[in-house]
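Written out below as structure tokens is the structure these notes cover.
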Amino acid sequence: QDVTYDWNNIPRRVTVSSFYMDQTEVRNVDYREYLYWLQRVFGSDYPEIIKKSLPDTLVWRDRLAYNEPYVELYLRHPAYNEYPVVGVSWVQASDYCVWRTDRVNEYILIREGILNVNTDQVNEDNFNTDAYLAGQYEGSVKDNLPDLNPSGEGFRRVRMEDGILLPRYRLPTEAEWEYAALG
């Protein structure tokens, strides 16, 4: 109930197209996997990437509360593995979505036998979905798809139209978030 009768939130009708959303929040263990990957790939040459991706663990600090165990242990302790990650900014969450898209599509291409497993990813030598689709990926490709075009070269890269790769992970819009919360 709006006691002051302040009508600054005008109800409006918004159309939301179909979308997918995870059933649960991103867990601490998932975000730690992201931090580990960043440390392994970019840690030696670009430490600022790891530093800017760390969540703010001081979100638990409050003058009237004793939350020091959360400040010190929440992200890293195994007891909190299944808890949702907190202290992540919108930019950090968007970067996580880009990373997740690349890792899922890399796994799909490896599973389908198109890419070889590359355990030595360092700096710019890591799988990127956009670079692969643009033909700029210089990693180890095992087999391309057969090109059914008679004037083609015989083989071609995977395209989004093939239905093999997943679209980008992203943060939901405000309307999508409200629709999912009410749904």
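The values are calculated or read from the model by the stated rules, or taken from the named source; none is laboratory data. A quick note: this is a predicted structure, and the numbers were derived from the prediction, not measured. All accessible areas refer to the heavy atoms of the entire protein, side chains included, with ligands and DNA or RNA removed. Shrake-Rupley method; radii C 1.70, N 1.55, O 1.52, S 1.80 Å.
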- Looking only at Cα atoms, what is the convex hull volume of the stretch 49-183 per residue, in Å³? 185
- Item | Most mobile of 76, 63, 157 in a GNM of the chain (Cα contacts under 10 Å) | 63
- Hey, in the GNM for the chain with a 10 angstrom Cα cutoff, which one of 69, 84, 172 fluctuates hardest? 69
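Give the relative contact order (percent, whole number) for the chain; include only Cα pairs under 8 Å separated by 6+ residues. Intermediate values should be presented prior to the final figure.
Numbers: 163 pairs, mean separation 37.3, N = 183.
Relative CO of the chain lands at 20 percent.
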- Message: Please list 3J(HN,Hα) in residue order for the stretch 88-104, calculated via the Karplus relation 6.51 cos²θ - 1.76 cosθ + 1.60 where θ = phi - 60°; whole Hz, with x for glycine and proline.
- Response: 9, 7, 5, 5, 5, 5, 5, 4, 4, 4, 5, 4, 5, 4, 5, 5, 5
- Item | Solvent-accessible area per residue for the stretch 84-183 (1.4 angstrom probe, square angstrom) | 66
- Counting only residues 5 or more apart in sequence or on a different chain, those whose built amide H sits under 5 Å from that of residue 145 are 156, 158
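Rank these residues by their accessible area, most exposed first, probe 1.4 Å: 102, 130, 147, 120.
Details: 102 15, 130 80, 147 40, 120 110 Å².
Output order, biggest surface exposure first: 120, 130, 147, 102.
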- Message: Given a 1.4 angstrom probe, I'd like the percentage of the accessible area of the stretch 1-93 that is carbon and sulfur, rounded to a whole number.
- Response: 54
